[in-house]
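To keep things clear, I will list the structure first and then write my remarks on it.
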Amino acid sequence: MRLIDFVFFGTDQFAVKVLEELKAKNLRPSLVITTPDTPQGRHLTLTPPPVKRWCKKNGIKYDQPEKLNAYQLPDNLIFVLVAAYGKILPASLLNQLPNKFLNIHPSLLPRYRGPAPLQAAIINQDKETGVTIMVVDEAMDHGPIVTAKKIAVGQKWFEELRDETAIIGARLVAQILPDWLAGKLKPVDQDHAAATYTKKIQKTDCEINFTDEPAVNFAKIRAYTPTPGAYFFTKKGNQSIRAIIKRAHLDEQGELVIDRIVPAGKKETDYKTFLKS
């Protein structure tokens with residue numbers, strides 16, 4: 001495919017996987033827009049987003065604007081691609097290249113708009129989800145659909161599903177791009193009345209209640225690993241200890257088995273070993 005001048009908006013590991021697959025398809029953005037570094041960890045260390053680290057490693061020009069209302073895109077762009085940027089793009093930006101902003105969203109829109117579509121698909125024990133390529137408008141995940149592809153959810157963990165949907169999304173973009181740029185593809189409006197929404201995940205969402213069905217808890221563990229991390233409280237002597245679950249499975253009887261945990265203030269350990277200590 002010939003080189004195409006485009007800008008990419010993205011922030012997290014999903015966006016990194018998209019960029020990696022685009023690179024393999026000889027689609028390299030001339031500029032990447034990502035979010036500013038953020039304080040993270042116990043010591044609030046200023047940390048760059050994954051996309052910034054990828055750009056530095058691959059020699060791609062990047063920018064980290066605090067606000068986008070007055071941001072000016074480069075001249076001579078053909079299109080803009082968005083994948084897990086994390087912010088709504090304002091009209092002042094979209095109007096610089098009308099109807100030429102494409103977004104990769106990891107769900108079958110209009111189902112699961114918002115920030116956590118993959119986690120929602122796992123939590124709800126959906127049999128399938130997918131990837132949608134849509135034209136960006138001013139509302140969240142609201143624009144018309146260019147193409148979409150279904151995939152099975154099965155017993156996949158979040159990271160596996162994230163990487164799979166990112167790769168498929170990038171391949172879909174590469175596949176439809178020539179016809180889309182030539183005006184041969186007509187986007188179809190979403191059925192907005194059928195839209196469902198996801199919300200930003202809170203740590204309180206991730207607590208495991210062992211009175212719930214094992215399949216429900218296993219879905220929560222798969223959805224919230226590695227972050228924020230599904231957890232439970234357990235007794236050690238007179239202490240109540242918070243433990244993050246790293247690995248678990250359902251046995252042949254369908255019961256939940258905890259394999260690996262990280263007790264508060266400790267290193268990761270085998271759960272059986274923890275119980276014996």
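The values are calculated or read from the model by the stated rules, or taken from the named source; none is laboratory data. Everything numeric in this text was worked out from a predicted model, so none of it was measured. Neighbour counts are summed over all protein chains in view; Cβ atoms, including those assigned to glycine, are modelled from backbone coordinates with ideal geometry. Heads up: the accessible areas ignore ligands, DNA and RNA and are worked out on the full protein's heavy atoms, side chains in. Shrake-Rupley method; radii C 1.70, N 1.55, O 1.52, S 1.80 Å.
I'd like to verify a number: residues in region 79-96 that are assigned to a loop (DSSP other than H, G, I, E, B), touching a strand residue (DSSP E or B) at 6+ places or on another chain (Cβ under 9 Å) and either among the aromatic types (Phe, Trp, Tyr) or modelled with pLDDT under 95 (or both), how many?
3
Within region 186-201, does at least one residue satisfy the condition of being touching a strand residue (DSSP E or B) at 6+ places or on another chain (Cβ under 6 Å), modelled with pLDDT of 95 or more, within 17 Å of Ser107 (Cβ to Cβ) and assigned to a helix (DSSP H, G or I)?
Looking through region 186-201, none of the residues is touching a strand residue (DSSP E or B) at 6+ places or on another chain (Cβ under 6 Å), modelled with pLDDT of 95 or more, within 17 Å of Ser107 (Cβ to Cβ) and assigned to a helix (DSSP H, G or I).
Which residues, taken from region 169-191, are closer than 22 Å to Ala83 by Cβ and either in contact with a Gly (Cβ under 6 Å, 6 or more places away or on another chain) or surrounded by fewer than 17 Cβ atoms within 10 Å (Cβ to Cβ) (or both)? Talk me through it step by step, then tell me what you get.
We begin by selecting, within region 169-191, every residue closer than 22 Å to Ala83 by Cβ; these are 169-181, 185, 187-190.
If the condition is that a residue be closer than 22 Å to Ala83 by Cβ and either in contact with a Gly (Cβ under 6 Å, 6 or more places away or on another chain) or surrounded by fewer than 17 Cβ atoms within 10 Å (Cβ to Cβ) (or both), then Ala174, Gln175, Ile176, Pro178, Asp179, Leu181, Leu185, Pro187, Val188, Asp189 are the ones that fit.
Please determine, by comparing only the residues of region 228-243 that are assigned to a strand (DSSP E or B) and farther than 16 Å from Asn209 by Cα, which one is most open to solvent (accessible area, probe 1.4 Å).
Taking region 228-243 first, the residues assigned to a strand (DSSP E or B) are 231-236, 239-243.
Adding the requirement that they be farther than 16 Å from Asn209 by Cα leaves 236, 239.
Working: Lys236: 50, Gln239: 121 Å².
Out of the qualifying residues, it is Gln239.
Kindly provide the set of residues from region 244-267 that are within 25 Å of the chain's Cα centre (by Cα) and either crowded, with 17+ Cβ neighbours inside 10 Å or of a type in the set (D, E, K, R) (or both), ordered by number.
Keep residues of region 244-267 that are within 25 Å of the chain's Cα centre (by Cα), which gives 244-249, 260-262.
Residues satisfying the conditions are Ile244, Ile245, Lys246, Arg247, Ala248, Arg260, Ile261, Val262.
Return the pair list, or none, for Cβ contacts closer than 8 Å from residues in region 221-244 that are within 13 Å of Leu275 (Cα to Cα) and among the small types (Gly, Ala, Ser) to residues that are open to solvent by 10 Å² or more (accessible area, probe 1.4 Å) and part of a strand (DSSP E or B), at least 6 apart or on different chains.
Within 8 Å, the pairs are Ala243/Tyr231; Ala243/Phe233; Ala243/Thr234; Ala243/Val262.
Being hydroxyl-bearing (Ser, Thr, Tyr) and over 17 Å from the mean Cα position of the chain (by Cα) is the filter; apply it to region 1-58 and report the residue that is least open to solvent (accessible area, probe 1.4 Å).
Step one: list which residues in region 1-58 are hydroxyl-bearing (Ser, Thr, Tyr), which gives 11, 30, 34-35, 38, 45, 47.
Keeping just the survivors that are over 17 Å from the mean Cα position of the chain (by Cα) gives 30, 38, 45, 47.
Details: Ser30: 53, Thr38: 61, Thr45: 81, Thr47: 34 Å².
Once the filter is applied, the top-ranked residue is Thr47.
Does Thr225 satisfy being hydroxyl-bearing (Ser, Thr, Tyr) and modelled with pLDDT under 95? Before the answer, list the steps.
On the way: hydroxyl-bearing (Ser, Thr, Tyr): yes; modelled with pLDDT under 95: no.
It is false that Thr225 is hydroxyl-bearing (Ser, Thr, Tyr) and modelled with pLDDT under 95.
If we scan region 205-218, do we find a residue that is open to solvent by less than 70 Å² (accessible area, probe 1.4 Å), touching a residue at least 60 places away in the same chain (Cβ under 8 Å) and touching a helix residue (DSSP H, G or I) at 6+ places or on another chain (Cβ under 8 Å)?
No: zero hits.
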